């Protein structure tokens, strides 16, 4: 199995005046291609800081980070943005959709910033991504015309548009009810079955159990790292619900 993500002795320190806070305290981690990893931890555990660094949104204070063989820790901001656009799709708790823009236009947006897709028919690519999450018939709807679950599916389609090998999902079910959360996890499991590596930040144990592996952070350290023995399968759980979207 190919290692897609590797960090060695990763440290992150935030400084304000004379006060320094060490958010990450020498983390070591390897994630292989095709894994589905849930990152858990209480507020202040370092999970958001770790996700920001892994997602190339921030740089570590010290340590090494290799993403698909590239030494991310030594990149410039422009290079970080480039590798972020090519390698990673993001899904957030708040959906982060443009409110007065249709679903298909929201999904097209990352292609505008990715120079590697010049010549690509953006509308067709966006339609394909929306169809892959079951929203082909809602492509011209604006976010306020969609349910929370449908908005999150638009956000997932947008994350898929550049065909990244990695999806980072930060509390993607935090604003959703139980049934809709399971539906979103079904989509993530299907994407993972197709070979996409998924990192999911969640504070919900029930949601983490849809992953294949769980990391538990505490005080800037990885305290636990284990495989999920009794994994929940979202498609099976949805059979308990009537009229699934």
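Per-structure values
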| quantity | calculated |
| --- | --- |
| Residues within region 60-78 that are in contact with a strand residue (DSSP E or B) (Cβ under 9 Å, 6 or more places away or on another chain), in a helix (DSSP H, G or I) and surrounded by fewer than 20 Cβ atoms within 10 Å (Cβ to Cβ), tallied | 2 |
| Residues within region 136-191 that are on the phi < 0 side of the Ramachandran plot and out of contact with any strand residue (DSSP E or B) (no Cβ under 8 Å at 6 or more places or on another chain), tallied | 35 |
| Residue check, residue 208 crowded, with 20+ Cβ neighbours inside 10 Å and over 13 Å from residue 152 (Cβ atoms) | yes |
| From 155, 169, residue being buried (at least 19 other Cβ atoms within 10 Å of the Cβ), assigned to a helix (DSSP H, G or I) and modelled with pLDDT of 85 or more | 155 |
| Unique match (being in contact with a strand residue (DSSP E or B) (Cβ under 8 Å, 6 or more places away or on another chain), under 21 Å from residue 46 (Cβ atoms), at pLDDT 95 or above and part of a strand (DSSP E or B)) among 200, 215 | 215 |
| Residue among 142, 189, 152 that is under 17 Å from residue 126 (Cα atoms) and in contact with a helix residue (DSSP H, G or I) (Cβ under 6 Å, 6 or more places away or on another chain) | 152 |
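The values are calculated or read from the model by the stated rules, or taken from the named source; none is laboratory data. All values derive from a computational prediction rather than experimental measurement. As a convention, Cβ positions derive from the backbone with ideal geometry for all residues, glycine included, and neighbour counts pool all protein chains shown.
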